[in-house]
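Here is the structure we will look at.
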Amino acid sequence: MSRIFSYGGGVQSNAALVLQAQGKLDYDAFVFANVGNDSENPDTLDYIGDVARPFAEKHGIEIVEVAKNGKTLYQYMIDDNRSVPIPARVSNGMPSNRACTSDWKIKVIQKSYRGAVMGLGISLDEWHRMRVDPNLEYPLIDLRLTRRMCHDIIADAGLPDPPKSSCYFCPFHSPKAWMTLRAEHPDLFAKAVELETRLNVKRNAEGRDIVRLHPSLLPLDRAVADQPMLWDEMSVCESGFCFT
């Protein structure tokens, strides 16, 4: 039976990569499910290509990239279909149906590695995200590692700190993350605004209420413009949700 680590390119995943290089973990491969180069955080893709892959190759670790057949997550959402697979927030502030992680990540990895034991990058401070499954392992929890300790492991290995891994349009972004996206990637922020509009065109055609990407429930372009630079970082888009 093969043993793989579900690698998302974030802090916990890269700490696990360092631990594998140090002989403290033992996986056959680190598997990255790419939901689409037009969907993933470009900073994460750059980190994987420029930092993680060279480090893995140096230490004889294989990083395998898999992807869902057909359309990327972004392409699927702007297409003429009824589905809104991301957890956009409805009028009461609750996230709507969430199929993105399941359909573009979990099922893709499971299809590629049927029956494999899979390690997940969930740290001790996220123990509540664990679930009982004989084919799942939580090596960071077994090692009693917190997210802060994962940052230290990466730094001690001489690697730069990874960006948070997520889709750039993820509704689980904190207000600060949205502000950072607008400041550092205005083109992607504009695409996220357009995407929100497109999702609501679909919803309106079905007679359903509108959805929002920002937790304030304001239209994204207004919400971010109206937010002062005083927001504390929130943990709604940390690892565990997307196997990062």
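Below, the figures for the structure above:
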| item | result |
| --- | --- |
| Taking 151, 214 and counting other C-beta atoms within 10 Å, the order from fewest to most | 151, 214 |
| Percent RCO, i.e. relative contact order, over the stretch 7-63, from Cα pairs under 8 Å lying at least 6 residues apart | 45 percent |
| Fluctuation leader among 91, 165, 13 - the chain, Gaussian network, Cα springs under 10 angstrom | 91 |
| Amide H contacts under 5 Å for residue 137, placed H, 5+ residues apart | 118, 119, 120 |
| Order of 114, 89 under a 10 Å beta carbon neighbour criterion, fewest first | 114, 89 |
| Set of aspartates and glutamates near residue 105 by C-alpha distance (under 13 Å), chain-local residues within fewer than 8 positions excluded | 40, 65 |
| Given 14 as the ceiling on other Cβ atoms within 10 Å, longest exposed-site-free region of the chain for GluC sites (Glu not before Pro) in DSSP loops | 63-205 |
| Sequence-separation-based contact order of the chain, relative, with Cα cut under 8 Å and 6+ spacing, percent | 28 percent |
| Overall form of the stretch 135-183 per C-alpha gyration tensor (a/c, 1.5; a/b vs b/c) | oblate |
| Amide proton proximity set for residue 166, modelled H, under 5 Å, gap of 5+ | 41 |
| Orientation-averaged projected area, Cα convex hull of the stretch 88-214 (nm²) | 10.6 nm² |
| Cut-off under 5 Å, modelled amide H: who pairs with residue 66 long-range | 32, 33, 34 |
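Coordinate-derived values only; no laboratory data. Note that the structure is predicted; figures quoted are calculated from it, not measured. Cβ coordinates were reconstructed from backbone atoms using ideal geometry, including for glycine residues, and neighbour counts include every protein chain displayed.
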